[in-house]
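Chemist: Let me give you the structure first, and then I'll get to my questions.
The values are calculated or read from the model by the stated rules, or taken from the named source; none is laboratory data. For clarity, every value in this text was computed on a predicted model and none was experimentally measured. Here the Cβ positions follow ideal geometry from the backbone for every residue, glycine too, while neighbour counts run over all protein chains shown. Accessible surface is based on the protein model in full, side chains and every heavy atom, while ligands, DNA and RNA are left aside. Shrake-Rupley method; radii C 1.70, N 1.55, O 1.52, S 1.80 Å.
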Amino acid sequence: MAEYINIRGQNIEVVASDPANPTIGQIWYNSTSNTLKGGGVTTVGTWATSGNLNTARSQGAGAGTTSAALYFGGSPDNIGTTTATESYNGTSWTTVSPLSAGDRLLMGSGSQTSALRVGGLNAPAGVVESWNGTSWTGGTNYPSTIHQGSATGESNTAIMVVGGEIPARTTNVFSYDGTSWTSLNPVSGNAVSNQAVCGTLTGALSIAGNAPSPTSATQSYDGTSWATVAPINTTRANLGAGGTQTLAVAFGGTIPPNTGVTELWDGTSWTNNPNNMGTAVTNFGYDGSQASALAMGGSGPPVSAATQEFTGPGVPQTKTITAS
């Protein structure tokens, strides 16, 4: 009579330690812990704290990813300004070369080695600074004064600034190629500031913000024009976001009061994630994707040095298999 294991034609692998990068559906027995385990994916997003900023502040701008981020400018007390720039390696922050002109409520995006700073509350003539991984240098000024908008992009030569105040709230959208600014089609809804923007120059989202009071509106950009899509569930401003036009996460901000509510975007609608930020903050730096996003500093109050990291659903993970 044939044995079951031979009919199946496979065996459960016995290992002393879990595989470093298990595939989805892979099963093994860990002889050290005496547990049966398998490769799966996270089903909901979770938040965790990481290393604190060296300089606590709010109203700054962020760029990069959860393993290679940059946070620059802002305010240590929601009134004054700082030139501080810090670099993040996924665990801790290192102080690096400062901005030439410190400010708060500025905009920025890009990567840890190629970022752009735009404007600020006190910045003259829409000042622009470009980061090359080592230091900041001057760039071509934004077409007007600008603050409290939001920026997204992949490098200091591919950035888009959406909305903001100049000083009146605006629907303006401009892109920057490292040399000059180009006017793009404006957002299709109301003029907005203090919103979150994520994505690229060919596919982006503008989420919530002030218009002039906090709004739930979401605008989707296809590289040419903006369209109003399903609103976010929690109306708010000064929030953060990460991801793309079709897969994003939005978090934090103020309703008021401050909130840690986290929502997931699937390209069609928003769904509340069951786990919210550990600390509700507003006016913080942010970057990342739906799978892995970062919130830097912010105001609770008080002004915070905290780093909060989001791990989204669908991320590979090791699961212990238990009998029902």
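Chemist: If we only count strands (runs of 3 or more DSSP E) wholly inside region 233-324, which ones have 2 or more residues that are more than 12 Å from the chain's Cα centre (by Cα), among the hydrophobic types (A, V, I, L, M, F, W, C) and under 26 Å from M160 (Cβ atoms)?
Modeler: 262-265
Chemist: Determine whether region 112-121 contains at least one residue that is free of Cβ contacts under 8 Å to residues at least 60 places away in the same chain, open to solvent by 10 Å² or more (accessible area, probe 1.4 Å) and not in a loop (DSSP other than H, G, I, E, B).
Modeler: no
Chemist: Follow-up. Among the residues of region 159-175, how many are open to solvent by 10 Å² or more (accessible area, probe 1.4 Å), farther than 14 Å from S225 by Cα and under 22 Å from the mean Cα position of the chain (by Cα)?
Modeler: The total comes to 1.
Chemist: Separate question: Going through Y221, Y286 one at a time, which residue ends up being under 17 Å from W47 (Cα atoms), hydroxyl-bearing (S, T, Y) and open to solvent by less than 40 Å² (accessible area, probe 1.4 Å)?
Modeler: Numbers: Y221 fails: under 17 Å from W47 (Cα atoms).
Criteria check complete, one pass: Y286.
Chemist: Please go through (1) open to solvent by less than 70 Å² (accessible area, probe 1.4 Å); (2) within 37 Å of the chain's Cα centre (by Cα); (3) at pLDDT 85 or above; (4) small (G, A, S) for S31 and return the number of the only condition it doesn't satisfy.
Modeler: (2)
Chemist: Follow-up. A208 fails exactly one of the following numbered conditions: (1) touching a helix residue (DSSP H, G or I) at 6+ places or on another chain (Cβ under 6 Å); (2) buried (at least 23 other Cβ atoms within 10 Å of the Cβ). What is the number of that condition?
Modeler: Checking A208 against (1) touching a helix residue (DSSP H, G or I) at 6+ places or on another chain (Cβ under 6 Å); (2) buried (at least 23 other Cβ atoms within 10 Å of the Cβ), the one that fails is (1).
Chemist: For region 104-111, state whether one or more residues are farther than 28 Å from A48 by Cβ, assigned to a strand (DSSP E or B) and among the aliphatic types (A, V, I, L, M).
Modeler: no
Chemist: Regarding S97, is this residue within 16 Å of the chain's Cα centre (by Cα) and at pLDDT 95 or above? Steps first, answer last, please.
Modeler: On the way: within 16 Å of the chain's Cα centre (by Cα): no; at pLDDT 95 or above: yes.
So S97 fails the test.
Chemist: Please state which one of S33, S87 is without any contact (Cβ under 8 Å) to a residue 40 or more places away in the chain and either more than 29 Å from T200 (Cα to Cα) or of a type in the set (F, W, Y) (or both).
Modeler: S33
Chemist: Right, next: Taking the condition of being open to solvent by less than 50 Å² (accessible area, probe 1.4 Å) and either more than 17 Å from S225 (Cβ to Cβ) or without any contact (Cβ under 8 Å) to a residue 24 or more places away in the chain (or both), how many residues in region 181-191 meet it? So that I can check it myself, show each step before the final result.
Modeler: Taking region 181-191 and keeping what is open to solvent by less than 50 Å² (accessible area, probe 1.4 Å), we get 181, 184, 187, 189, 191.
Adding the requirement that they be either more than 17 Å from S225 (Cβ to Cβ) or without any contact (Cβ under 8 Å) to a residue 24 or more places away in the chain (or both) leaves 181.
Of the residues in that region, 1 qualify.
Chemist: Which numbered condition in (1) surrounded by 21 or more Cβ atoms within 10 Å (Cβ to Cβ); (2) more than 30 Å from P212 (Cβ to Cβ); (3) within 19 Å of the chain's Cα centre (by Cα) is the only one that M107 fails?
Modeler: (2)
Chemist: For region 192-203, what are the residues that are more than 19 Å from G240 (Cα to Cα) and either in contact with a Phe, Trp or Tyr (Cβ under 7 Å, 6 or more places away or on another chain) or surrounded by 15 or more Cβ atoms within 10 Å (Cβ to Cβ) (or both)?
Modeler: none
Chemist: Scanning for something within 26 Å of V192 (Cα to Cα) and small (G, A, S), does region 81-98 turn up at least one residue? Give the derivation first.
Modeler: Our first condition is that a residue be within 26 Å of V192 (Cα to Cα); within region 81-98, this holds for 81-82.
If we keep only those that are small (G, A, S) as well, we get none.
No: region 81-98 contains no residue that is within 26 Å of V192 (Cα to Cα) and small (G, A, S).
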